[in-house]
1. Roughly how many debye, to the nearest 20, is the charge dipole of the range B:359-406 about its Cα centre, given +1 on each Lys and Arg Cβ, -1 on each Asp and Glu Cβ, and no other charges?
2. For the range B:303-374 and the range A:71-97, write down the distance between their C-alpha centroids in whole Å.
3. If we count every other residue with Cβ under 13 angstrom of B:Gly244's Cβ, Lys/Arg +1 and Asp/Glu -1, where does the sum land?
4. For chain A, take the longest principal axis of its alpha carbons; what is the angle in degrees between that and the long axis of helix A:60-73, to the nearest 10 within 0 to 90?
5. I want the local charge near B:His302. Using Cβ-Cβ distances under 9 Å, sum +1 for each Lys or Arg and -1 for each Asp or Glu among the other residues.
6. Tell me the net charge near B:Gly91. Cut-off is 13 Å between Cβ atoms, B:Gly91 excluded, with +1 for each Lys or Arg and -1 for each Asp or Glu.
7. Taking the dipole about the Cα centre of the protein assembly as shown, with the C-beta of Lys and Arg at +1 and of Asp and Glu at -1, give me whichever of B:Pro359, B:Ser258, B:Val79 is farthest to the positive side.
8. In the protein assembly as shown, if the dipole is taken from +1 on Lys/Arg beta carbons and -1 on Asp/Glu beta carbons about the Cα centre, which of B:Ala68, B:Gly379, B:Gln178 is farthest to the positive end?
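None of the figures in this text is laboratory data; all of them are computed from the coordinates on show. Every value quoted in this text rests on a predicted model; they were computed, and no experiment measured them. Here the Cβ positions follow ideal geometry from the backbone for every residue, glycine too, while neighbour counts run over all protein chains shown.
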Amino acid sequence: MNGIVLGAVAYDPKVVTIWSGFRSWLLGQGLEFDFVLYSHYERQVEDLVGGRFDAAWHSPLAWLRTRRLAAVAGAGVRPLVMRDTDRDLTSVVVVRTDGPVRTVADLKGRTVAVGAADSPQATLLPLQHLREQGLVAGVDFDVRRHDIGVGLHGDHVGGEREAARALMAGEAAAACMIDANHLLFAQEGTLPAGGTRLLTRTAAYDHCVLAAGPSLDETSADRLSQLLLSMSYADPDVRHLLDLEGLTRWMPGRESGFAQLAAAVESTGFYDAEGRVTATGYRP
Amino acid sequence: MTTDDTPLDTVTVDLGDLGLERGARLLLRRALDQVPAGGEVTVTGSDPALVIHLTAWCRREGHTVSPAQPGDGGVRARVRRGGTASARWAGAERAGGPEPGGAAERAEPHWGLAARGALVEAGGPEVFFPVADRDTAWTDLAPRLYRQATAAQWDPWTAVAWDTSFTLPDEVEAAVVQVMTYLVENEQAALVVPARLLVQVHPHFREILQLLAVQAADEARHVEVFTRRALLKNGVMGTSSVGGRASLTSLLAEPDFSIAAFLLSVLGEGSFLSLLTFLERHAPDPVTRRISHLVRQDEARHVAFGVGHLEYRARVDPRLRGRLRSAVERRHDALAGTAGLNQDVFDALVLLAAGSWAPEAIARGWQAVQRLQADMDEGRRHRLSRLGFPDDEAAELSQLHTRNFM
C-alpha cells in the first residue's frame, strides 16, 4: 500500500480524533494518507529516522534528536509545517507575590518547581534561561521535578500544573511553565488571581513541527505541505479539528526557533551528539 | 472605548487593573469586534501579567500582538485582529425563523439541537431524526394546543378529593376496579406511543415536541389517578386480557408518525372520549366521576392534535388517506383472531350503567353500553369525514376499528 504514513504521539485521546479527521480530509483531497500512534516520542524519532514511516508530528525536542540521529545515519529529514501557535512562545518563571523572591539571584539556595524531565517548556527551556542568568540547576538551586507523562515531551499538562501547585503549597520558591498555561492556571484557579508574579521570561522559541523522514520523497512531502497549508479555518469540515489541535492555520516549518532548546539539550546532556538518550533518570 | 457602529481601523481599550484570567477577555473581544480583520486595538491596563497573557491569548485566537515601545504613553500592547473569528461564522446560517411560521420545510441534520432561528455555525455533528420534513408532523394548531395544554395541567394529588367518604356494593366496586385496570393499560399505551414519536421528530419543530411531551405527561397523570382509584378501597387490581393487550401492542408497532397519531389519537382516544363521557355519567361514586371528567378534557386535546395534524397532512399529501385506510385494514386483520374487548370490562360497564342486578336494570345497562358503542362509531365517522373520507368509507373504516376501543 502506497501513500504517506505519519507518526504521532498519543498523549491524549483527542489525538485519534484529530488525525482520523485530518486523514479523512486528506483522503478527500486525493492524498493517500494514514497514521500510526506512538506512546512516546523517543521511539517515534528512531522509527522516523529509520524510515519505518514517512513523516512525524514532532515535539521540538523530538525534532532536535531527529536532526542528530539523521546526521549520523546520513538520512534526509526536514521540517514541513508547524502550527501558527507553535511560533514565538515563551516560558515564565513565576514566584508568589507575597514571597521573598524578588530577583532571579534570590533563587539561590531555594527550590524551583518544574514539569517533567523531558518538558521543553516547563523544564529544559526555563532552566536553560536561569543558567544564562547565572544560576545552575542542581548547583545554585534545587529542582523539584513533576514527572507526569514522561516521554511525551511536556505535551501532558499535568507536570506543569503540579509545579504550579507546588509553588502555591510553599514546596517551591518558583515554578516554571509556558506563558499560555500561566494564563490557564490562573483562569482555572490553580494559581490564585494576582497570587503570582513574573520573575523572568525566556526569549521566544518555537514548538512542534511536522517533520519529513528519509522515506518521504520530495513530491509527496510538498503535496502534504501544500494541502495542510491550504486548510482554512473557514472550512467547517476542518475547523473543529484545528480547534482541537490548537491552531488557526498551518505555517511553513522553520528551524530558527530551536536554538535555546538545543543549548539546553547541550548543557544538560539530554541527548549526546549522536542522538542517544543520555539524560539521567529519563525513562519514557 | 469608541462606540461608533462603523468599523474603525484603530480603537483603544482600557482594561484598568483587570487581568485576562479575570474577564479582560470580554473587553478585548468587544474592542476587536469594532475593527475589521487587520485593524488594530490599542490596549492599556495595569495588570502586571497583561502582556504575557495577551500574547498567549492572541496566539490562540489568531491575532497578532506587539508589545508597546518605550514612550508609548500608557499603552501596554497593540493587537492586530486576525481573520479567525469572522472565518468561524462565514458559512453560518439561520435555522429557520423563531416563530411557528418560520419552521423550515426540511430541518437540516446539522442543525441538531440548535434553537429554531439561531445562527448556526457550519459543520458539527449531524443528528438524524426520522421526522425532519415539516409536513410529516406539523399542524398549525400546535402552538395554541400547547398553550392550552400547559394552562390545563392539574395535580393528581389535589384535583381529586380522594378522601371523600363513600361505600359501594362489593360487586359495583369490583366493576369500577375492572374498568380502572383496563384504563391503566390503555393509558400506558397512550403514554408510550407519543413518547416514541417525540424522539423521532427533529427538535426544529419544537411545538410538536412540546405537545407530545405534555401529552405523555398527561397520560402519566391518567395512569396515576386510574391506578389510585382502582386501589382506593381494596388494594387489588382487576384483570388484563390477551385480546386487550394485543390490540394495544399493535399501536406500538406502528413506525410512521402520521399513522401512529391516526390510530392512537383519532380513532383510539377519539373512542375514549365517548367512554369517558359514559363513565362520568354512570360513575357510582364522586371520585370516579371526577377523574373521568378531568381525563376527558386532556384526551379531547390529544384528539384535536391528531385530527389537526392529519387534516394538515392530508392537504399536502393526497395519498395519505389511502395509507390510513390500509393501516386500519392491516390492524383489523392482525387482530381478527383475538377476542377484542376484555369480557370482564364489557360486563363491568353494563353493571355500572345498570346500577343494580335487577333484570330491568341490567337491560338498561346493556342498552347504555350499546349506545356507547354507537356513540364511539359516530364520533369516529365524524372525525374520518373531517379527514376527507366519504361517508360510506368512513362508516366502513369505523367498523374495522379495534373492538378493544383503543
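1. Values: 7 positive and 8 negative charges, 46 e Å.
Result for the range B:359-406 is approximately 220 debye, rounded to the nearest 20.
2. Each part's Cα centre sits 77 Å from the other's.
3. Details: positive: B:Arg245, B:Arg403; negative: B:Glu185, B:Glu187, B:Asp344.
Neighbour charge sum, excluding B:Gly244 itself: -1.
4. Helix A:60-73 sits roughly 60 degrees off the main axis of chain A.
5. Numbers: positive: B:Arg301; negative: B:Asp218, B:Glu219, B:Glu269, B:Asp298, B:Glu299.
Value of the local net charge: -4.
6. Working: positive: A:Arg239, B:Arg88, B:Arg94; negative: A:Asp235, A:Asp237, B:Glu93, B:Glu108, B:Glu121.
Summing Lys/Arg as +1 and Asp/Glu as -1 gives -2.
7. Toward the positive end, the furthest listed residue is B:Val79.
8. The listed residue farthest towards the positive side: B:Ala68.
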